[in-house]
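Notes to accompany the following structure.
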Amino acid sequence: MNFDNLIRFQRAYDCDDTLAPYSCVDCLDFLEHARIGSGAFVHKSAYAAIAADPETDAVWDAAITAGKVIILPNLRGTYDGGAPVTTPGYGRVKDKTTGYNFTANITDPVYAANYDFYASLAGTSSYHFVFLTETQGHLTQVPVNVAPKNPVTDNLDDEVTWQSDITWSAKFAPKPFLAPQAIFQCITP
């Protein structure tokens, strides 16, 4: 191998990754508080518009009016942050992260009235999931799998609720955005 070919070979495998700047602040007044408190299912036909401008009420209103977004205003839930998916590495690199498997678990207290909704949602692959923490929304980059269930315990004080395991795989976590809070309120006709 001549010198020029060696240089080309090294450049092809020299992945000098550039990182985005890290934000460092001294005051921690901006901390986001946990718990999924509300959410939505966004049909794949409305995904591009919402993903392009998720902080604007008018974008959400148009998709809701078109029947492409279903808001779940009062939830309780968790999001696992993702489990890395790895493949074997090369050279001295043991493995490489190629993406993540994510899970969100939500509990919806509106039980009997939402039977048809959860029955129709089970097994579909046409909806993205949005979940809200204190102020931030998170929109999945890909459609999700939803597995709703309605467990009944032996405790007379427990509530019967819909509990859904929502799973998806993506390159990285959903990017947070400032959620339009008024959109995720319970609106009764």
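The values are calculated or read from the model by the stated rules, or taken from the named source; none is laboratory data. This is a predicted model, so every value here is computed, not measured. Glycine also receives a Cβ, built like all others from the backbone with ideal geometry; neighbour counts cover every protein chain displayed.
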Selection over the stretch 106-116 where residues are buried (at least 17 other Cβ atoms within 10 Å of the Cβ) and either at positive phi or among the polar types (S, T, N, Q) (or both) yields a count of 1
Condition set farther than 23 Å from S120 by Cβ and assigned to a helix (DSSP H, G or I), scope the stretch 50-60, selection nearest to the chain's Cα centre (by Cα): answer is A51
Counting only residues in the stretch 137-189 that are among the polar types (S, T, N, Q) and outside any loop (DSSP other than H, G, I, E, B), the one farthest from Y79 (Cα to Cα) is identified as Q181
Residues in the stretch 61-84 that are part of a helix (DSSP H, G or I) and not hydroxyl-bearing (S, T, Y) total 4
Taking the stretch 47-105 and the residues there that are touching an Asp or Glu at 6+ places or on another chain (Cβ under 7 Å) and without any contact (Cβ under 8 Å) to a residue 24 or more places away in the chain, the one that is surrounded by the most Cβ atoms within 10 Å (Cβ to Cβ) would be V59
Per the filter on the stretch 157-189, residues under 15 Å from H128 (Cβ atoms), of a type in the set (G, A, S) and over 11 Å from the mean Cα position of the chain (by Cα) are S164, A179
G123: passes all of (1) in contact with a Ser or Thr (Cβ under 7 Å, 6 or more places away or on another chain); (2) loosely packed, with under 14 Cβ neighbours inside 10 Å but (1)
Taking the criterion of being modelled with pLDDT under 95 and over 14 Å from the mean Cα position of the chain (by Cα), would at least one residue in the stretch 128-135 satisfy it?
yes
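Please verify whether F41 is at pLDDT below 95, surrounded by 11 or more Cβ atoms within 10 Å (Cβ to Cβ) and either in a helix (DSSP H, G or I) or within 17 Å of the chain's Cα centre (by Cα) (or both), treating the condition exactly as stated.
On the way: at pLDDT below 95: no; surrounded by 11 or more Cβ atoms within 10 Å (Cβ to Cβ): yes; either in a helix (DSSP H, G or I) or within 17 Å of the chain's Cα centre (by Cα) (or both): yes.
It is false that F41 is at pLDDT below 95, surrounded by 11 or more Cβ atoms within 10 Å (Cβ to Cβ) and either in a helix (DSSP H, G or I) or within 17 Å of the chain's Cα centre (by Cα) (or both).
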* To do: Tell me, yes or no, whether the stretch 109-126 has at least one residue that is modelled with pLDDT of 95 or more, within 25 Å of G81 (Cα to Cα) and in a strand (DSSP E or B).
  => no
